[in-house]
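Worksheet for the structure shown next.
The values are calculated or read from the model by the stated rules, or taken from the named source; none is laboratory data. Values in this document were obtained by computation on a predicted structure and should not be read as measured data. Note that we place each Cβ from the backbone using ideal geometry, even for glycine, and neighbour counts take in every protein chain shown. For the accessible areas, the whole protein counts, side chains as well, though only heavy atoms, and no ligand, DNA or RNA atoms are used. Shrake-Rupley method; radii C 1.70, N 1.55, O 1.52, S 1.80 Å.
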Amino acid sequence: LTNAHSSSVVSDENPYQRLAEIQNLVETEYYLETDSQSLTTGAIRGMLGSLNDPYTFYYTPEELAAEEEESSGVFHGVGMIVQRTQEGELLIIRVYPDSPAEAADLRAGDQIIGVNGEAITDTTAKALDTAVDMIRGEDGTPVTITVRRGDETLDLIATRGKVNASYVEYSILDGSIGYVNIAQFTGNDVTGFKEAVDAFRKAYVSGVILDLRNNPGGLLTDVLEIADMVLPEGLVTYVEDRNGNRTEYSCDSEYWNVPMVVLVNDMSASASELFTGAFQDDERGTVVGTKTFGKGIVQTMITFASDGAGMQYTTESYFSPKGRSIHGTGLEPDVAVELDENAVISTVNPNPETDNQLKVAIEELRKLIEARAAE
């Protein structure tokens, strides 16, 4: 049943008048009580959603506080990283050691299809935010996460709690090969990577494997600091805004010139691709794995001082030193290796016998070490 009536005319010179007019009508005539803040938040999200950019969104003060807490490496939840694939699937790409997620037997590679009995069927970017919001909660409370693992569908119960997340894991393989994994370019990534480099240098390793598989990206400042430790002097990347204004970022002349291999896959995105593109353009070493995700744009985060809310929005495109844009295309590895169906990726206990991509990375690194020794 519809009761039709006319309203005031809105001038084309003031398009926001329509927004105010609709809000006034809803607040005064909608059949249920409304909340002005919720209406405003919904309007903002509708505006940003019309951009069809999954990397541009609005944070309420509570959401921004939770995001900042997680980025610091200390947060409350179940202890895992979830990423949305190009097809819209929600995959667990990392489970932190000694976390509630690990205790619940959640594993990297599991696809989340439900939370607390509610199916996750949306394939848009909003699905990731929705799932994360549903998984978060008060410490000590249970959450049932339904995952698809191969041909199985499993209901796994995790008890939420405080999680201390390290974004860097490293070890020495075969007594002479340094292995370091960066889960995200945030939190303790810079200090953790420096710690790994110091440990490798003290152990006189012959070469290093940098594992960026499943790394969704992070902070531009962080990836530049890490690149400066291991890439030669010169351009690392440049960014351009909508008007073509260009800003360049470079490394200085001091770096650790050890033979290196970088491992990537289809979930290596953004800052991971920025580093890998510079690594390839510099011919610094060999890239092993599969084609990367293809996110070649940069976001800016702002906080509104009035209430602590925030917004992330895309402001620039980035390019490799040779001018390559990877947005929508990704980077091709120098040596392509698909992960075996039964392979197991472990960043805490890396094992080339169960991780065929790592095995090939070690083989390629040994070639670089031998070539360096023959010089």
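Miscellaneous remarks
- Selection count, region 318-375, where residues are closer than 30 Å to Ser99 by Cβ and aliphatic (A, V, I, L, M): 10
- Unique residue being out of contact with any strand residue (DSSP E or B) (no Cβ under 7 Å at 6 or more places or on another chain) and charged (D, E, K, R) when the list is Asp110, Asp151: Asp151
- Residues located in region 113-136, provided they are at pLDDT below 85 and either in a strand (DSSP E or B) or open to solvent by less than 60 Å² (accessible area, probe 1.4 Å) (or both): Ile120, Ala125, Ala127, Leu128, Thr130, Ala131, Val132
- Residue in region 90-100 that is within 30 Å of Gly46 (Cβ to Cβ) and either open to solvent by 70 Å² or more (accessible area, probe 1.4 Å) or in contact with a Ser or Thr (Cβ under 7 Å, 6 or more places away or on another chain) (or both) present: yes
- Condition check for Ser8: at pLDDT below 90 and either more than 39 Å from the chain's Cα centre (by Cα) or closer than 20 Å to Glu62 by Cβ (or both): yes
- For Thr191, the conditions (1) in contact with a helix residue (DSSP H, G or I) (Cβ under 9 Å, 6 or more places away or on another chain); (2) under 30 Å from Val82 (Cβ atoms); (3) outside any strand (DSSP E or B) all hold with the exception of (1).
- Strands (runs of 3 or more DSSP E) wholly inside region 284-375 containing at least 1 residues that are open to solvent by 70 Å² or more (accessible area, probe 1.4 Å) and touching a helix residue (DSSP H, G or I) at 6+ places or on another chain (Cβ under 9 Å): 297-303, 310-319
- For region 198-209, the set of residues classified as touching a residue at least 40 places away in the same chain (Cβ under 8 Å) and open to solvent by 60 Å² or more (accessible area, probe 1.4 Å) consists of Arg201 only.
- Residue that is most open to solvent (accessible area, probe 1.4 Å) [pool: residues in region 157-194 that are farther than 17 Å from Leu220 by Cα and acidic (Asp, Glu)]: Asp174
- Residue selected from region 63-84 under the condition β-branched (Val, Ile, Thr), out of contact with any Ser or Thr (no Cβ under 7 Å at 6 or more places or on another chain) and modelled with pLDDT of 75 or more, by the criterion least open to solvent (accessible area, probe 1.4 Å): Ile81
- Restricted to region 211-250, and to residues there that are assigned to a loop (DSSP other than H, G, I, E, B), under 20 Å from Thr286 (Cα atoms) and without any contact (Cβ under 8 Å) to a residue 60 or more places away in the chain, the residue that is most open to solvent (accessible area, probe 1.4 Å) is Glu233.
- Among the candidates Tyr59, Tyr96, residue that is out of contact with any His (no Cβ under 8 Å at 6 or more places or on another chain) and modelled with pLDDT of 90 or more: Tyr59
- Selection status of Leu106, open to solvent by less than 60 Å² (accessible area, probe 1.4 Å) and more than 18 Å from the chain's Cα centre (by Cα): yes
- Count of region 179-197 residues, restricted to those that are small (Gly, Ala, Ser) and without any contact (Cβ under 8 Å) to a residue 60 or more places away in the chain, is 2.
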